[in-house]
Structures are given as C-alpha cells and as structure tokens.
1. Along the Cα→Cβ direction, 7 angstrom out, place labels at residue 302 and residue 110. What is the inter-label distance in nm?
2. Using 1/(1 + (r/R0)^6) with R0 = 45 angstrom and r between the beta carbons of residue 326 and residue 440, what's the FRET efficiency to the nearest 0.05?
3. For the ranges 364-373, 187-196, what's the packing order if you count other beta-carbon atoms within 10 Å of each residue, average per peptide, and put the highest first?
4. Mind giving me the nanometre distance, one decimal, between the label points for residue 31 and residue 279, set 7 Å out from Cα along Cα→Cβ?
5. Using a probe of 1.4 angstrom, how much of the accessible area of the stretch 201-288 is carbon and sulfur, in percent?
6. Using per-residue counts of other Cβ atoms within 10 Å, averaged over each peptide, order 258-270, 404-416 from highest down.
7. Aspartates and glutamates within cross-link reach of residue 460: Cα-Cα under 17 Å, excluding same-chain residues under 8 positions apart?
8. For labels at residue 453 and residue 141 in the simple 7 Å Cα→Cβ model, what's the distance in nm?
Amino acid sequence: MKAIDLNSSISGLINNLFLKSQISRNLFEGQLKKYIKQKIFNNEESQASEVSRQHQFFASWAMYKSYIRNIDKGNISSKVTKRMIESFLGSVLLRKNVSNEKRRIFQNKHGMHPPSFITISPTKKCNLKCIGCYAASSPTTETTLNWTLLNRIMEDAYSNMGMRFFVISGGEPLLYKSENKTILDLAERWNDCFFLMYTNGTLINENIASRMVDLGNITPAISVEGYEAETDARRGNGIYQRIIKAKDNLASVGVPFGLSVTATKENVDILLNESFYDFYFNEFGATYMWVFQYMPIGRDFSEDLMISPLQRLQLHKIEYKILTEKEYFVADFWNSAPMSNGCISCGRAGGYIYINWDGNIMPCVFVPYYHDNINTLYNTGKSLSDALFSSLFVKGRAWQKEYIGDRNNPGNLLTPCFYRDHYKTFYEIANQTQVLPENEDAQKAFNSKEYYEFMLKFDKELEELSSPVLDNLKKNHKTKM
C-alpha cells in the first residue's frame, strides 16, 4: 500500500478510521500505530524517559481502541466524532489553529512553555453531599464564579496561553448558572475548544444529553465508587440507578462518556479485580476511566481512607495490565505519572493550574493552598500568566524539574506528587512561600503534627516499595514494544 504522509493528513486518516468500513479501518490502523510511536519516541524536544514514552504510547493507543469499541457498539455518533476531530484532535492535539503561535509568543515572553490546560470549578454547589468530598460541596453552598469572570478567564487562557483544553470540576458543573448561562453555554461559546466535565451524572437527562451531542466538544466523566452498593454508600441511596439512566441517555444519542473513581481502603479490593474494568468498559459503555486515590483533604478528611503504599502499587500493577493488555484507557492521577512524565501541577509545561469557585489559583485540585486570586489579579491590571510566577508555583516547578530528571536519568515517576508523595518538601515550600489555605480543613491539616507525621511515614514506605517496581519497568519497557 502506498505510504501516507500522516504528518500532513492525520485528520483525514482519523476520519477514515472512525467513519468508514472495518476493512478501511484495518488498512489504516497499522500506519496510525506506527505514526503514534514515531511521534512519541522520536520527539527530541521532550526530556521524557523511555518508560514515560512507552506509557504515552500505550495510553494513546488504548484511548483510540476504547473509542473505536464504542463506535462499533453504536454508542458514539458520527456527528460527535466529526466535532471531536475538529475540537480535540485538531485544536488540542495537533493545534492546527493559531494556538501554537500563541504558545510561542508566551514562551518568548516568559522563558517557559505555558501549561496545557486549566481545571476550573465554577461553582461549589452540588446536589449531593458525598462522604469525604475534596471540595466540601453540598446543596447549601452557593459560591460561584460569575459568567463574565468565567469567560474572561477563558479568553485569557485562550489568547495568551494558546489553551484549547479545559477541565470543568466542582461542585456539580451542571448546577452552574450565572447571568442565565450554563456550562453547556460555555462549551458552545468556545466551540473550537474541548471540555472534560467531572459530574455526578444525576442531572444528565435526555435534554442535557441531546445538547451535548449537538455541541460535540464536551465529554462527561461520571463518578462511581465501585458498583451500586459502594456508590450509594458514599453518594446516597438510589444514586447508582440515576447514573445508569444518565449513561443510557448519553449512549442513546451517541455522546462518549467516561468514569471517575475514587480509590479508598473501602473499595480498593474491587479496583484490584479485572472484572471491574471489563464490566465498565464492555457492558456499561465507558470510553475512559480516571482513578483518583483518596486524598486526605476536604470535608471531614481522614487518613484512614487512604489506600496504603502497598495497595497503591498493587493498583498500579492492575492498571498497567488493563492499559497494555486489554487496551482500556484507564489513567490514575498518581500511578499514571509516567504518562505525563511526572507531576503536572504548578503550571509546568504540559501541566495545569486549578481555579476554584472563589477565584483562588492553586497548583493542583488536590493541593488546597494558594497565593493569588484571579479577581485580585484582574483588578490590579494583571493576567492569569502572572499567577504562574508566584513563589509557590516557581518553587514547585523547580522541584519538579530536579526530581523528574531527564531522558537518560529520570526520577521515580511512581512517586511524582510533591504533596502526597513528598509532603516534607511541600511543607517546606509552603512555609517558605507563606501559602494561604483554601478552607478550614486545609488549615487544620497544615497545622497538624499528626497529619505531618502520617504523611512522612506514608512517603517513606512508598519510596521503598516503589523503587524496585520502577526498576522493573525500566528493564522491561523494550519487551512491551
């Protein structure tokens, strides 16, 4: 078969793979796989290690295969696929519009690449009150970013950083309403961007699902805690059945959706079983799954809910197997750090920053401390870019760079987090830079000697257990390719 110039016609290739016959798809798949490998392993600008590149390839291919499986089942419409090619593939991955130029301008001005995305929680309000919620959300909390400010943040990131990917969290994003506008209006307003929305799923009715398929640039990640019993135990009786109704509404019109799972000591045994992933990818119809290990922050935080270092590495083992052998796209915010070549907080290149409902700008959703507030920055003639150069962010990125290392001498990518995995480092930086707590729970944790000692004990044990696991990944990465 005649070779295809994939660099110049990748969008057309993907169109063929998604929208034409199985025979046509099979003819192109081999070249697509080869293209992805070449783009990842031949990227001389990246300092990512070989293990990291291997994970990036497996993740990219698993996402493709997971998407294709749901196309074949009729769960994703051709209309949505066309729009996703434009917004996600074109704008986010290939940056076929002006975003690359914006990013070059930013780099020339600031001496660093801008982060790749922002996570925004535009409202703290939620119709549920889940046990251990990191955001401490509830039906009675009304704090919300107004529509004008939310769009100003979008414009700032879009025009000054070249961003085209935005993650919406909460609270419950589908409860957001300001100036008679909703989150779906935001996706419509910024229609060449792509949105990943974390939601409890209970508000996704037929009308919401139909609006999403018309937009084609937003995907919901619905929260589950295991199966029905585990989900209802944490989220409330009857919630799981409402989630099933939500996924049926999405599948009936062809909107791809994913799942968000919080790993705790109470459900980790379920997550260590392959049948859990088989069910949600094959029967339930998920296209992707994000795993977030419980962090001792937020409402009534408890160290007792954290999975142990050993359980974390057991989870890594099953997640790696699911990704590489079953080709389900499963990503763990900590265990999958090799995909991103380490911690992505503090606005590093390829990373992100987090803005909550109060406008506080934090290094990460799971690091509830800050220096700057977006309202204060705008009121003093500054921009979102200025937040990247607060002492907290600068010191955080400096630690990342030293710890991650380079292609030939990488750090331990299985202990990437400067909060969860290196709390002593975070504590020192936080004291040096005089951070402000997001809420009373964050202040309580920061002042607690017991909390400090617990985190250091966890980190030490994790380092000891993870080092040999990483060594095996380094030795075996070639055999997997």
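1. Label-label distance for residue 302 and residue 110, simple model: 4.0 nm.
2. Values: r = 43 Å, r/R0 = 0.95.
My answer for the efficiency is 0.55.
3. Values: 364-373: 22.6, 187-196: 19.4.
The packing order, highest mean first, is 364-373, 187-196.
4. Distance between label points: 4.2 nm.
5. Working: 1370 of 3100 Å².
Roughly 44 percent, rounded to a whole number.
6. On the way: 258-270: 20.5, 404-416: 18.5.
By packing density, highest mean first, the sequence is 258-270, 404-416.
7. Residue 460 reaches 303, 421, 428, 450.
8. Roughly 3.0 nm, to one decimal.
The values are calculated or read from the model by the stated rules, or taken from the named source; none is laboratory data. Keep in mind it's a predicted model, so treat the numbers as computed, not measured. Reconstructed Cβ throughout: ideal geometry from the backbone, glycine too, with neighbour counts over all protein chains shown. What goes into the accessible areas is simple: the full protein's heavy atoms, side chains included, and nothing from ligands, DNA or RNA. Shrake-Rupley method; radii C 1.70, N 1.55, O 1.52, S 1.80 Å.
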